[in-house]
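Asker: Here it is, the structure, as structure tokens.
Throughout, read-outs are computed from the coordinates displayed, never taken from laboratory work. Nothing here was measured: the structure is a model prediction, and the numbers come from that model. Glycine also receives a Cβ, built like all others from the backbone with ideal geometry; neighbour counts cover every protein chain displayed.
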């Protein structure tokens, strides 16, 4: 800007959403390589459901359809939800979750800009509470998934509920590293021996480390493009590493290392793509730091002492409740006025 009035053009909502979708592409590519092409079917189902539900709700509310459909916010919600649930989920599960996210968590509150909770996380939490068994059917990573469960077989299972031939679902699914770790710790096994299981990699779940690293690259792209600020991801990852590091240093036989927590579950996806939602999150710099740190602490407590393996979704929803309080008490001082 070399001349007045020195007003920059803020990017449109559609531009921001498209860049976030672009940042998710490396993670999706890694996801397909690790778990197979079933996730592409899940993403397609979620996207179609989200757009149809959004259009229907806008019609019922007598609102224009095209401007809200083309802002890609519904598509982003669909992608985040699809990436959070197992790729071998039946078709109706992703449809129900997406409908709940768009209709209940977004449109019934007034649509984009008015929803107090992250729609994708509300949809995920609803599915996890309602269908816990289905939400834990994750395919085994890399070799098992690629040799025993082709894309055609995954497609057949998603829409038909059956695997062809003599393939059993238990033969191609496994517990997540977080779930397996929690179960084995309850049996009084030590972390070092638990980590020798085939589903563990160098710092996290075997194969899933690549997906997590791809999300990290996508998140750094968003930061470089100034779509997100550093406050939320840095505070989340820093607080999660600090919490897990303290417990790990005190008792490494019973608590996993900080790297394990950072590269397992939805840590990276949550840090760069979920807690950075500008609608359901805080607006002040200090508020963002407190919000992200709170999500990290609750996530660690749920992972360690709670009933669910990963607690990102529930932690985000809980901290969404605190956003008005955080914004009210973290406003920067107005120049010219006392505190």
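Asker: I'd like the FRET efficiency for residue 325 and residue 150, computed as 1/(1 + (r/R0)^6) with the beta carbon distance as r and R0 of 41 Å, rounded to 0.05.
Answerer: Numbers: r = 50 Å, r/R0 = 1.23.
After rounding, the FRET efficiency stands at 0.20.
Asker: When the Kirkwood hydrodynamic radius is evaluated over all pairs of different C-alpha atoms of region 36-174, what value in angstrom, to one decimal, is obtained? Working shown, then result.
Answerer: Working: mean 1/r = 0.0642 Å⁻¹.
Result for region 36-174 stands at 15.6 Å.
Asker: To the nearest 500 deg cm²/dmol, what mean residue ellipticity at 222 nm is calculated for the chain from DSSP H runs of n ≥ 4 alone, each contributing -39,500 (n - 2.57), summed and divided by the residues? Present the calculation step by step, with values, prior to reporting the outcome.
Answerer: On the way: 17 runs with 197 residues, N = 339.
Value at 222 nm, helices only, nearest 500: -18000 deg cm²/dmol.
Asker: Mind ranking 223-235, 95-107, 42-54 by how tightly packed they are, going by the mean number of other C-beta atoms within 10 angstrom, highest first?
Answerer: Values: 223-235: 17.5, 95-107: 23.5, 42-54: 21.3.
Most protected by this proxy first, the peptides run 95-107, 42-54, 223-235.
Asker: Separate question: Would you mind putting 57-69, 314-326, 76-88, 189-201 in packing order, based on average other-beta-carbon counts within 10 Å, highest first? Let's see the in-between values first.
Answerer: Working: 57-69: 12.8, 314-326: 19.0, 76-88: 25.3, 189-201: 14.9.
For the peptides 57-69, 314-326, 76-88, 189-201, the packing ranking is 76-88, 314-326, 189-201, 57-69.
Asker: Along the Cα-to-Cβ line of residue 193, 7 Å from the Cα, sits a label point; which residues in region 239-267 have backbone N less than 13 Å from it?
Answerer: Residues 253-254 qualify, since their backbone N sits under 13 Å from the label point.
Asker: What's the FRET efficiency of residue 251 with residue 318 using the Cβ-Cβ distance as r and R₀ = 30 Å, to the nearest 0.05?
Answerer: Details: r = 26 Å, r/R0 = 0.88.
Step by step, r from the Cβ atoms, then E = 0.70.
Asker: Here's something else I'd like to know. Which order do the peptides 286-293, 16-23 come out in when sorted by mean C-beta neighbours inside 10 angstrom, highest first? All intermediate terms of the calculation are to be shown ahead of the outcome.
Answerer: Working: 286-293: 22.2, 16-23: 19.5.
Ranking, from highest mean packing down: 286-293, 16-23.
Asker: Counting pairs of alpha carbon atoms under 8 Å apart in space and at least six apart in sequence, what relative contact order in percent does region 215-321 give?
Answerer: Working: 119 pairs, mean separation 32.4, N = 107.
Averaging sequence separation for qualifying contacts and normalising by length gives 30 percent for region 215-321.
Asker: Hey, another quick one. Using Cα-Cα distances under 8 Å and only pairs 6 or more residues apart, what relative contact order does the chain have, in percent? Each step should come with its number before you reach the end.
Answerer: Numbers: 480 pairs, mean separation 62.3, N = 339.
It rounds to 18 percent for the chain.
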